Ligand code: GLU
């Protein structure tokens, strides 16, 4: 069955950008007579707050969205993520990394543009394993992962489907490219130093677990999708179809952020806007 999900992180209230994403996804599920799920991505324990989860639910319900209970919370799924990490580790695809952000920046020869997760990790702990007693993250050994999938030549056989448009107008089948994964993503973190699973791992495990067939999310996440496709292949998980949508911007053309109070759903609702007027504001019928 066509299954969509909206997966907010409860570290702030929703703004017009989130509402647009959730409404697009909900509309698509409805049009296909499918399911729309809400998933709370609360792995960042330092930033996630129950009051934000509550407020997100209130705002979505006020917008007219409905979803089945119980909802899935990533904070309750540690064992499942640990099992996926153990699978990857047993295949020699993960390594511990004790570097701090400062260590990483200091080890880079030149300032970088950065990939989906910021600066590409220079591989320090892959070459010199850290003291096992030191707090460490787990990183994917990208070169080893590519080899495990048959090597660079075989990789383009793995693709994800873009139903809408990537930042450079990408549409349709998007084959994975080993060179891009190695130079722009590198050894991404799959388990954080605090022991929690990292976003890329949790999202692919949960999309599969929930039977998500269609991922509707902002175009800013397009560069993360090859990593997700790669992890799906490594973990033998099905791959959904992806629809990366345009981003909602403020009057100055900047992407909305949680600090933009005047675009907050709660604020707009207090100011007397109706859900239909919110739809109109983001260009939805
Ligand atoms: N939790 C992510 C966010 O708040 C979205 C993840 C996704 O849609 O894949 O940006």
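FYI, it's all coordinate maths here, none of it is from the lab. Because the structure is a prediction, the values reported are computed rather than measured.
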Degrees, to the nearest 10: 78-90 long Cα axis against longest axis of the chain = 30
Helix 16-31 sits off the longest principal axis of the Cα atoms of the chain, rounded to the nearest 10 on a 0 to 90 degree scale, by 80
Computed from every Cα-Cα pair in the stretch 161-285, P(r) in 10 Å bins starting at 0 and rounded to whole percents is 11, 33, 31, 21, 5, 0
The chain: angle of helix 50-62 to the longest principal axis, Cα-based, in degrees nearest 10 = 50
Cα pair distances in the stretch 43-134, grouped into 5 Å bins until the bin that holds the longest one, percent each = 2, 9, 12, 14, 15, 14, 11, 10, 8, 4, 1
Alpha carbon centre of the stretch 1-59 versus the stretch 132-191: separation in Å?
-> 26
The chain: C-alpha pair distances exceeding 35 Å, % = 19
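Compute the normalised compactness of the stretch 82-124: alpha-carbon radius of gyration over 2.2 N^0.38 Å, N being the residue count. Please list the in-between numbers first.
Details: Rg = 13.0 Å, N = 43, 2.2 N^0.38 = 9.2 Å.
It is 1.42.
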